[in-house]
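For reference, the structure discussed in these notes is given below.
The values are calculated or read from the model by the stated rules, or taken from the named source; none is laboratory data. What you see is a predicted model; the values in this text were computed from it and never measured. Cβ: placed from backbone, ideal geometry, glycine included. Neighbour counts: every protein chain shown.
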Amino acid sequence: MTTPADNFVDFQNVWLAYNDELLAQNHFAVEDINLQVKQGEFIAIVGPSGCGKSTFMKLTTGLRKPSRGSIHVDGQPVNGPLKISGMAFQASSLLPWRTTLDNVLLPLEIVEPYRSNFKAKKAEYEARAIKLLQTVGLGGYERKFPWQLSGGMQQRASICRALIHEPKMLLLDEPFGALDAFTREELWCTLRDLWTEQKFNVILVTHDLRESVFLADTVYVMSKSPGRFVVKRHIDLPRPRDLEVTYTPEFTDIVHELRGHIGAIRKTGAVIQQ
């Protein structure tokens, strides 16, 4: 049985309206979010466009405060932007005037306690960044600029930047959506290996059902706006997972099941299923 101490992320009856006028009209972007994520768990969130997936991410990181309810991460109430999280998005957003290495180092220049020690420990931090880049297959590209990298390489660098300060939680908002299918699957494996080694919490927002089933321990489906979680699906495929699993009937059945839920949501709505 899960106890509160086991939950790294804990949403209790969370509602969000984007301003006071909408709140007065009971017009919410997300409603009645109850979610408990265990330490080290990898979850994925899927659902129709505009259902509130990205809003959920903003709530989790403290970029938005709920209109109602409470959010705790790592045992602490979320009252502002979290320092223990890293984020990566569909656009890599690498700074074009900085090398790959300098882009990865950026969080250490601006996030405490690293910021205060950056000059004194720069060599140590650079060694950490180079090792991380090597881990994701970017060894030798440290001095290249973003425009000298492919889209997949840029996204690898973006993930390294999100992990360089060793966050306890990684939030990914459609991180592979702009990539071709082959590169996307390569990065699934890269992320799988990083998570397997470090066991940080991951919240992945994606439109790709195969991606969610391959990577996650649990997949949540959100309803149409106002968003709420209507399906919770544990992915009981054994780990470690290789790409070959994506061709098995067990994998395909789960993808089809989730697609059916989303299809039903598009037409009507749904009730919570676990």
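Here is how the numbers come out for the structure above:
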{"quantity": "Search result, residues across the stretch 93-107 that are assigned to a loop (DSSP other than H, G, I, E, B), surrounded by 15 or more Cβ atoms within 10 Å (Cβ to Cβ) and polar (S, T, N, Q)", "calculated": "T99"}
{"quantity": "For K131: the one exception among (1) at pLDDT below 95; (2) surrounded by fewer than 20 Cβ atoms within 10 Å (Cβ to Cβ); (3) assigned to a loop (DSSP other than H, G, I, E, B)", "calculated": "(3)"}
{"quantity": "Of residues in the stretch 134-159 being aromatic (F, W, Y) and assigned to a loop (DSSP other than H, G, I, E, B), the one nearest to F200 (Cα to Cα)", "calculated": "Y141"}
{"quantity": "Matching residues, the stretch 89-129, being hydrophobic (A, V, I, L, M, F, W, C) and over 23 Å from the mean Cα position of the chain (by Cα)", "calculated": "W97, F118, A120, A123, A127"}
{"quantity": "Looking only at the stretch 108-128, and only at residues there that are among the basic types (K, R) and not in a helix (DSSP H, G or I), the one that is surrounded by the fewest Cβ atoms within 10 Å (Cβ to Cβ)", "calculated": "K119"}
{"quantity": "Among (1) touching a residue at least 60 places away in the same chain (Cβ under 8 Å); (2) in contact with a strand residue (DSSP E or B) (Cβ under 8 Å, 6 or more places away or on another chain) - the single one R68 does not satisfy", "calculated": "(1)"}
{"quantity": "Residue match in the stretch 16-36 (condition: touching a residue at least 60 places away in the same chain (Cβ under 8 Å), on the phi > 0 side of the Ramachandran plot, surrounded by 15 or more Cβ atoms within 10 Å (Cβ to Cβ) and not polar (S, T, N, Q))", "calculated": "yes"}
{"quantity": "Qualifying position, being surrounded by fewer than 19 Cβ atoms within 10 Å (Cβ to Cβ) and under 12 Å from the mean Cα position of the chain (by Cα), among E185, E174", "calculated": "E174"}
{"quantity": "Residue that is part of a helix (DSSP H, G or I), closer than 21 Å to F8 by Cβ and in contact (Cβ under 8 Å) with a residue 12 or more places away in the chain, where the choices are L194, L171, L187, L204", "calculated": "L194"}
{"quantity": "Residue that is farthest from the chain's Cα centre (by Cα), among those in the stretch 44-58 that are crowded, with 22+ Cβ neighbours inside 10 Å and not polar (S, T, N, Q)", "calculated": "C51"}
